[in-house]
Every structure is written in C-alpha cells, then in structure tokens.
Amino acid sequence: MNIKIKKILPQLTTLLVVVLIFGFFTFNAQVNMENRGIEFGYGFLSQESSFDVQFSLIEYDGSHSYAKAYLVGLLNTLLVAFLGILFSTLLGVVVGIARLSPNYLIQRSAAFYVEFFRNIPLLLQIFFWYFAALRALPLPQDAESMFGISFLTIKGLFVPRFIWENLDIFLYSIIAAIISIVVIRNYARKLQENQGRQLPVFSISAGLLIIFPLLTFLIGGVSLNFEIPVLEQIATTSFKYDGGLGIPPELIALTLALSLYTATFIAECVRAGIQGISKGQKEAAASIGLMPNQILKLVVMPQALRIIIPPTTNQYLNLTKNSSLAAAIAYPDLVLVFAGTAMMQTGRAIEIVSITMFTYLSISLTISLLMNWYNKKIAIKEK
Amino acid sequence: MNKINLLKPNKQNLNTYLYSGSFLFFIAIFDVFLSSFFEINITSFLPNFISFLLPLILGILGLHLIRIEFSGIKNLDLLNKNINTSTFNAVLTLLIIFTIIKSISPIMSWFIIDANIAGDTKEACTGSGACWTYIKIWLNRFIYGMYPNELQWRINISFILLIGLAFVGLIPSSKIKKFLTLYYVVIYPIIAFILIYYLISGGSLGLEWVETGAWGGLSLTFIVSFFCLIFCFPIGMFLALGRRSVLPTVRYISIGFIEFWRGVPLITVLFMSSVMFPMFLPEDFFMDKLVRVIIAISLFEAAYVAEVIRGGLQALPRGQYDAAKSLGMGYWKMHIFVILPQALKLVIPGIANTFLALVKDTPLIFVVGLLEIVGMLNLAKTNPKWLGFAMEGYVFAAIIFWIICYAMSRYSQNLEIKYKTER
Amino acid sequence: MSDSIIKIQSVNKWFGDFQVLKDINLEVSAKQKIVVCGPSGSGKSTLIRCINRLEEHQKGTIIVDGTELSESTKNIEKIRAEVGMVFQQFNLFPHLSILDNCTLAPIWVKKMPKKEAEKIAMSQLEQVQIVDQAKKFPGQLSGGQQQRCAIARALCMKPKIMLFDEPTSALDPEMIKEVLDAMVNLAKGGMTMIVVTHEMGFAKEVADEVIFMDEGMIVEKAKTKEFFANPKSDRTKLFLSQIL
C-alpha cells in the first residue's frame, strides 16, 4: 500500500498544481475579457478582412475573409520554407562534402563559410540582405538586364513569365517519362539479378526525362512563350516593370538569408554523417574489389544517410520556424498577416495567437512523426 | 594519343615541364592580381571574353604540366596530391585563388582605405568606403541604448563587478572549491539580480529610476542572455528528468511542455508574451516588459536544453544507475552525485550550442519594443541626419556577434576536450 | 623455386618522417602459408596492407601474380580482385544481411547474376559453418560469427591469396577457436595465406614458414619447425619467450 501512495501522491500533486495554474490563467482571462467587452469565439474568421496583402500565391483582396487571409499567410510561409529547404540542402551537401576534401583550399574555404555564417544571428543576416545589400540594387530604369530578359532591381527580381500552350500535354509527358524510368529500373534490376549485366540506368533515365518532354514540343503541339517584363513609366521619376513575374525583394532576402544560414548546419550534419563511417568500412569494401563510386553508392551512403537524415530534418523544422522572422521585413507570412495585421484589426489576441501556434505545432509534430517512422523503418538491426 | 603524351611530364623531362608549368601558373595569378589591385589589364589587346578567361586557361594548362603522379620531390608531390589530382580539382583551386585575390581589394578599400572615421557629421564621410564616423558617433547608443548618458556609470560598475565576481572560480583556495557550484548556481545570480535591480534600474537608495524601456544596446543583450542562461538551465534539467520519470502524469506533462515550446517559433512566443500574456494576469498585476521577455525566452530555451540533457541521460550506461541504486542511493542522491555530473559532461557541445542559439536569438526582442544592439541599429539608420549607413551598422554588429559566438564555441570545444581526456 | 605468386623486393615505407618498413624482401609461392609475428609497431600489419594497396610503399617493388603494384588504378583493382583480406575489426557492412554482405562484390564487381552469387555465398557460409545466420544482420551475431562471415565474404570473390590482419585479436577467448578452425580448413584446401597473428598454436599447425618482424625489418625467416626449435636471433628468442 505504501508504494502505491508513493507513486500516486506526487502525480496527484503535480496534476493539481498544473490544473491550478491553468485555472488561474483562464479565470483571469475571462475576467479581463469581460471587463474590456471582448467576446471569445472563432466566428470572426468568416468576416471580411478589409486589408490587402502585397504578395500572395492565390487570389485575395480586402473583400475576402480572415480565413482566406490565414490561408494566404500560410501559403507564403510554406513557399519560403520550401525554397529555403531546397537551396539550403543543395548548398549544405556541397559544403559538407567540400569540408572533407583532401584539397586544402577547398576544405578551408568550406570551413570559412560555415564558421562565418553560423556565428551571425539570422535576424541580423536578414536585415543585412534586405536593408543593406538589396537596397544597393539599381532602380528599375537603371537596371542592367541578364541575358536581356531578366532584371534585378531594388523593387525585386523580374523574370519572364511562362505562358504555356497545352501545358497538360507537357505534364503528361513528364509523368510518362517517370513511369518509363520506373519500369526500366525494375527491368534493369531483374536483368542484373538474372544475368549479372548492368545497364547504365542513370544515363537512360536522364535521357528519357529530356527526350519525352522535348518530343511534346516537336509533335505534341506544346509551345512555350515568354512574357518578358517591360519597363513602363508611371510617373515622372518612377518606373516599373509590366508583365513577367515579379519576385519581391522581401522574399529574395528571406530565402537568401535562411538558405545561407541553415546550409551551415546541414553541412555539419552531412560531414558528421560521412565521417561517422569508420575507415574500416571503406577498406573492407576496397579489399573485395569495389570501385570508389561503388563503395560510395553501396557502402558509405546507405550508412551515412542514416546518420545524416534525422538532424537534417530537425534543421528543416528550424528553417520553417525561422521563416517567421519574415515579420521583421514585412514579408507577408503567416505571422505577419494573421498574428500581425489581422490581430491588430480584430483584437482577438487569444484566438489568433492560438491558431498560429497550433499551425506551427502541427507542422512540427507531423515532421517529427514522419521522422520517427522513418527511423524505425531503416534502423540497423542489432541484438 | 601521342599529342596528349607530349603534354604529360615524366621523369626525364620533369624539369622543363616543372618550370614551364609553374611559369604559366604564376602568370595567371599575376594577371588576376594586376587587374584586381591596380586595374591594369595586360591582355587588353585581346577581345574581352578571351581576356577574361585567359588566366583560367593558363592556370589549367600550367597545373596540367606539373601534374605527375610520383616525382620524388617532396613538396611537388604534396602539392599535386593536394590541389592538383585532376583537372576538375585544378579548376576549383584556381577559381578559389582568383576569388580570394579579386575580393581582397574591394574589401580592403571599403573597410580601410576609402573609409572615414574622423569628424562629427555625415558630411565628414567623403570617401566611397565605410563611414565609421557613423559608428563612432552612435557607439554610445549601440552599447547603452537610450539609457541616460550621465547615469551610464551605473551600468559600467555593475558589469565590472559581475565580470570580476565571475572569476571567483579561479581562486585556488580549497575551502572555496566546495562552495563553487552553490556559488555559481545560486549566489552569483542573486548578486546579479540585486545589482540589476538596485543599481541599473534604480528607484531607491537615492538613485534615479530608469525604466526598462530605456535600456538597450549591447548591455541589454548581455543582461537578457545572462538571465535567460541562468534560468533555462535548471528548468531544462527538471524537464529532462521529468520526461524520463516513471510516473505517467509527470512524464506526460513534461513531454507536453517540451514539445509545445519546441514546436513554435520564438517570435510567436514573444508576440504572445507581449499581447496575450497580460490577459492571463489579474487586472492590476503589471509585469515589466523585460521580465516578461526573460521568462518567455527562458521557458523556450529550457525545452531545447531539456532535450539535450535527455540525450546525455540516455547515453549513460545502465550500469551507472544500477551501481548507484545498489549502493542504497535514492532518486535525488543518485542523480545529483552520479548521473547528472556524467550526463552533463557528455552533452557539453549540445548545451553550448543551445546557449549560442540563445545569444543569437536575443535580437528578436524588438517584437516587444525592447531595443538591444540590432534594434538600436534599425533605430539609428532611420535617423534623418544619418540616412544611408545601414551597411556600416550591420557589419559592425555582425563583427561583434561573430566574435562573441566564435569565442563561445571555441571555449566549449576546449571544455569538451578537457573533459574527454579526464575520463 | 616455383614461380612466386608474391614478390616483394627492397620495399621501404615511411609515415611522414618515421620509417615503418625497412628494405623488406620476401617471396611467397602459391599454396604457401606464412605466419608473420612480432611486437606491436613492428610493421607487420603495414606490410600485408601494402600487398593489396591499402597502404602505399614509397620505394621498392611488389608484384602480385605477375602484376606490379603501382599508382595505376587498373592494376590495383585487378590485384584486389585476386587478393582477399580479413580484418581485425571484421568490418562487415552493418546495413546488409550476412548473405548480402557476401554477394555484394560478386554482383557488382564480377557482374554475376544474383542467384549464382547467392549459391556461391551459401556454400562459403556453409564452409565456415554459419549458413543458418545468412538472413541475419551483423549486429545480431557474436564476434566469432562475424569474423567467420568476414572470411566467407572475402572467399566469395574466389581470391588466389588470402591476407589475415590479426583476425582473432578482437575476439573473446572462447570464440577464437571457431575462427582458427575455419582458417585451418581453408589452409587444408590449398589457399595461399599470409597471416599476421599471435596465435602460435595455429602457426605450428598450419604454417609452412614463420617470419619474425621487429622495427620494420624482417629479423628472422625460417621453416616452422626450425623457427620454433632453433630461433637464431636474440630478439626472436626474447619474443618467443614472452608469448609462449
């Protein structure tokens, strides 16, 4: 009986304390809201928002609801997170491998990059790119073009907009290419199992991926036109670019800073993964006659990826959370649009902040769960 | 086939190839050097495109000529194995060397040669380089924020005292060693709090009161970092122990707490602390901005510290727990004397990382209206008398943060090595 | 003398300024079993690692089955396909099953069909008596089982020469015997073997010649009986007295 009490008592006390704290907060919140005449409820989400957002991936203006505004913010966050993850991974993998290069210059340059960008606060880097570096770009009328079709200006990067004719046929061709690649890979694998011959699967896949879409241009009726941005004068001294696709400087600065910063951490993850493979593994693989690229593909990478992927996914999560710093430079992400403008207009602090935090929590937990599942699946079996 | 063989050195014609290869290589570097530092283009008689690529081509050719697998000359072999193993490697090496040479000149001229530091006003910055005058004039604000100038001696005294007291650990007396942990974990923070409350904040003992909104700059960065570090560590430790507890309620509450704080961005937490938090407190209970921020950041970082310490606790072999239990130690004794000392040593790099992240997160407090050094920079650059010097400000702050963070990470690496060898 | 399958002539090797192999001369005939012994740091591991180019010698020549070991990667790969190696730390690939460990090289280097490779692998695993562990992973096996698998893995490439670098030094005593038994079996089958080891019982049973190395040099080389009965050098005598 004694042991039972020993176990139950502390639990009850902790539970009681937690409940009391929550109760205290809730009670105060209710009192405060009553005093200020604020009601609590999520109904405001269907009201008209009456504010515009500078940059949005979907149709939106002041006549849409707050719920739509939330969606706009969310999509912008996901966009910058996606771009950031893409670029930081590419850069991080290259730098991570470069850190292990026997070439002294390459190794030191990579180390310099990591040490430099890792020790400066991300917010400071974002400010630097947005307020200092991008501000030094020329005005639209003075901008020099890149290849005659793109313009990097202080108002953003203007690139040609793609105008597709029969885009669906083009997409089908890509799907067809992917399907045939899968079929060929299966065939090549069976061929190797049965006869030992190896097909150059990589080259064939690359070829298919290029040829199929190309064919649609020649015989499928697909055509691609570019709408090139054109300089237009809207006032005596102010110009803008019409047509084409305008990428706002906020997005550029945010993506640049996030990628450069997060890439340093990914580089370290990659380096730890590759270094974590003991020399003996490579020696054993070499001693049975495998060639260097085979050693990499069959022995080093499978083991290294197991070490690299969990912390890298953590970095992806950090990047997504860090994208909320967009609020500091007025990029309309979820925090700025919803927990900023919308909250200021409606005053529904508790509801809005709770929705925002819940959104981020969901993203984090989803990725954590996926990571746990992935880890269990590929765990190296031990006694 | 023969032509290619002609261009490859071997033991007989090694010297000729060595000389000609090195000559080409150095010509290439010399060309880049001249064009970058003195803007002399010795190949201007060639069309633009070729003139631009010429150093690269010469360099590749030069390195190709000296690429020999085994020559017997120690330094040559070292060079070849290192930067010249293949054409691809050689190209990368050349590109890196060229980039370094090309960037030294503009960086030097911006930082030093064309920069200004004398004078008092914007007009004094006549050069095309950095206007360090701007930094010089604003330096006071960058360090002390909006704290009244004549009262800044209070901040100085507090910091000098605190730094001095931090080195108590170096006193070799053995009597003091016993109390060191107690000192650092309890006494030192209390002294710091007293200093901050009475000296920096003031309001009693005859000192004028300075509201926390006026604090700012680097001094605020230090104050916030210091207190958050002190609080997040013990909270994190308790959370880590709680997460591994056998009591389900304690465990689930810890997990919930940790996962919540780790799942949300810090900026939303700070938003919450300034907007939502007052709603949760009784009407007339006013909590100072700075206190709110410190509580918010401490709780936030504590969740990360908890995960790091949990890693250490898990890594300890079960035998340690078994041995301590078999000696009759209870839960707390076992953890304080056996488990935690070892686990903490294991995770020094992880904890150092979290501390570093905390220091790098302090600029976010601009959200609640407190201006530490980055906030002061943003304020300064909008001053109408000093427009257009954003770059200088950010570079200055970047240098300061870089030094602090780099020093911290070096120190933690040293700690790690020191504790590794002690095992 | 029958044509030697391994010819090592005047080989010298330095690690930086430290000379680890001093003027080594050695000839090994086919089907010969040689045991190399000596104190730690004597260069014995380095010597056999030079034979399959895991280490590079700076001076001298090494010729393996008619091919000279040099910088040329084509030669290195040719030699490695004919020379198998067993390591002190086993070095099995933890992410592959025992069977896959053994079939990896035959499939990817010799371009064998999977079924054929598996047949060969199973027969080798049977020879070292761990065929029932074929589907398990290295982490699930004991040290002795892992080392026997490592032997089978090397044998799946049908090498002409097998190198052993202190194969039992990392094993618990009760597992040493099972690995040595597998090696004795292999010897009886006619394989050319060079074994670096401290197991003198094994040497007495299987070796044709025993080599004693110290400080980078071959101090003594003799037929097994001679070596143990009449060691000529004082250093050899000292070494033998310490380990026997």
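Out of A:273, A:244, A:347, one residue alone is farther than 26 Å from residue B:364 by Cβ and either surrounded by fewer than 16 Cβ atoms within 10 Å (Cβ to Cβ) or in contact with a helix residue (DSSP H, G or I) (Cβ under 6 Å, 6 or more places away or on another chain) (or both). It is A:273. When C:71, C:56 are checked against the criterion of being surrounded by fewer than 24 Cβ atoms within 10 Å (Cβ to Cβ), of a type in the set (Asp, Glu), within 14 Å of chain A (Cβ to nearest Cβ) and out of contact with any Gly (no Cβ under 8 Å at 6 or more places or on another chain), C:56 stands alone in meeting it. Within the stretch C:12-28, residues that are crowded, with 16+ Cβ neighbours inside 10 Å have Cβ atoms under 7 Å from residues that are part of a strand (DSSP E or B) and among the small types (Gly, Ala, Ser) in these pairs: C:28/C:4, counting only partners at least 6 apart in sequence or on another chain.
Table: residues versus (1) out of contact with any helix residue (DSSP H, G or I) (no Cβ under 7 Å at 6 or more places or on another chain); (2) within 14 Å of chain C (Cβ to nearest Cβ).
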{"site": "B:73", "(1), (2)": "yes, yes"}
{"site": "B:78", "(1), (2)": "yes, yes"}
{"site": "B:83", "(1), (2)": "no, no"}
{"site": "B:115", "(1), (2)": "no, no"}
{"site": "B:151", "(1), (2)": "yes, no"}
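Taking the numbered list (1) over 30 Å from residue B:380 (Cα atoms); (2) surrounded by 13 or more Cβ atoms within 10 Å (Cβ to Cβ) in turn, residue A:179 passes all entries but (2). Identify, please: which residue in the stretch A:27-46 is modelled with pLDDT of 80 or more and more than 8 Å from every other protein chain (Cβ to nearest Cβ) and is, among those, farthest from residue A:346 (Cα to Cα)? Among them, the one singled out is A:27.
Residue-by-condition table, conditions (1) of a type in the set (Val, Ile, Thr); (2) under 30 Å from residue A:255 (Cα atoms); (3) facing chain C (nearest Cβ under 10 Å):
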residue: A:286; (1), (2), (3): no, no, yes
residue: A:292; (1), (2), (3): no, no, yes
residue: A:296; (1), (2), (3): no, no, no
residue: A:326; (1), (2), (3): no, yes, no
residue: A:336; (1), (2), (3): no, yes, no
residue: A:339; (1), (2), (3): no, yes, no
residue: A:353; (1), (2), (3): yes, yes, no
residue: A:378; (1), (2), (3): yes, no, yes
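Note on the stretch B:188-292: enclosed helices (runs of 4 or more DSSP H) holding 2 or more residues that are within 14 Å of chain A (Cβ to nearest Cβ) and under 18 Å from residue B:367 (Cα atoms) are B:217-243, B:266-271, B:277-280. Counting only helices (runs of 4 or more DSSP H) that sit completely within the stretch A:167-282, those holding 1 or more residues that are among the charged types (D, E, K, R), in contact (Cβ under 8 Å) with a residue 12 or more places away in the chain and in contact with a Gly (Cβ under 9 Å, 6 or more places away or on another chain) correspond to A:249-275. Look at (1) part of a helix (DSSP H, G or I); (2) within 14 Å of chain B (Cβ to nearest Cβ); (3) of a type outside the set (S, T, N, Q); (4) within 30 Å of residue B:93 (Cα to Cα) and you find that residue A:124 fails only one, number (4).
The set of residues in the stretch A:320-333 that are in a helix (DSSP H, G or I) and within 15 Å of residue B:367 (Cβ to Cβ) comprises A:321, A:322, A:324, A:325, A:326, A:327, A:328, A:329.
Going by the structure shown, is residue A:130 assigned to a helix (DSSP H, G or I) and surrounded by fewer than 19 Cβ atoms within 10 Å (Cβ to Cβ)? Considered against the rule, which asks whether it is assigned to a helix (DSSP H, G or I) and surrounded by fewer than 19 Cβ atoms within 10 Å (Cβ to Cβ), residue A:130 comes out as no. Close Cβ contacts (under 6 Å, 6 or more residues apart or on different chains) running from residues in the stretch B:379-402 that are at negative phi and within 7 Å of another protein chain (Cβ to nearest Cβ) to residues that are among the basic types (Lys, Arg) and not in a loop (DSSP other than H, G, I, E, B) comprise B:390/B:381. In the stretch C:183-237, counting only strands (runs of 3 or more DSSP E) that sit wholly within it, the ones holding 1 or more residues that are closer than 22 Å to residue C:150 by Cα and not small (Gly, Ala, Ser) span C:192-196.
With respect to the conditions (1) in a helix (DSSP H, G or I); (2) out of contact with any helix residue (DSSP H, G or I) (no Cβ under 7 Å at 6 or more places or on another chain), residue A:52 lacks only one, and its number is (1).
I'd like to check something: does the stretch A:200-221 contain any residue that is within 14 Å of another protein chain (Cβ to nearest Cβ) and more than 30 Å from residue A:115 (Cβ to Cβ)?
Scanning the stretch A:200-221, I find at least one residue that is within 14 Å of another protein chain (Cβ to nearest Cβ) and more than 30 Å from residue A:115 (Cβ to Cβ), so the answer is yes.
Considering A:357, A:343, the condition of being more than 24 Å from the chain's Cα centre (by Cα) and more than 14 Å from chain C (Cβ to nearest Cβ) is satisfied by A:343 alone.
Per the listing C:123, C:97, the residue uniquely more than 7 Å from chain A (Cβ to nearest Cβ), surrounded by fewer than 22 Cβ atoms within 10 Å (Cβ to Cβ) and farther than 26 Å from residue A:277 by Cα is C:123.
If only one of A:67, A:81 is away from chain B (no Cβ under 11 Å), in a helix (DSSP H, G or I) and more than 22 Å from the chain's Cα centre (by Cα), which one is it?
A:67
The values are calculated or read from the model by the stated rules, or taken from the named source; none is laboratory data. Please read these numbers as outputs of a predicted model, since none were measured by experiment. Quick reminder, even Gly has a Cβ in these numbers, built from the backbone with ideal geometry, and neighbours come from all protein chains shown.
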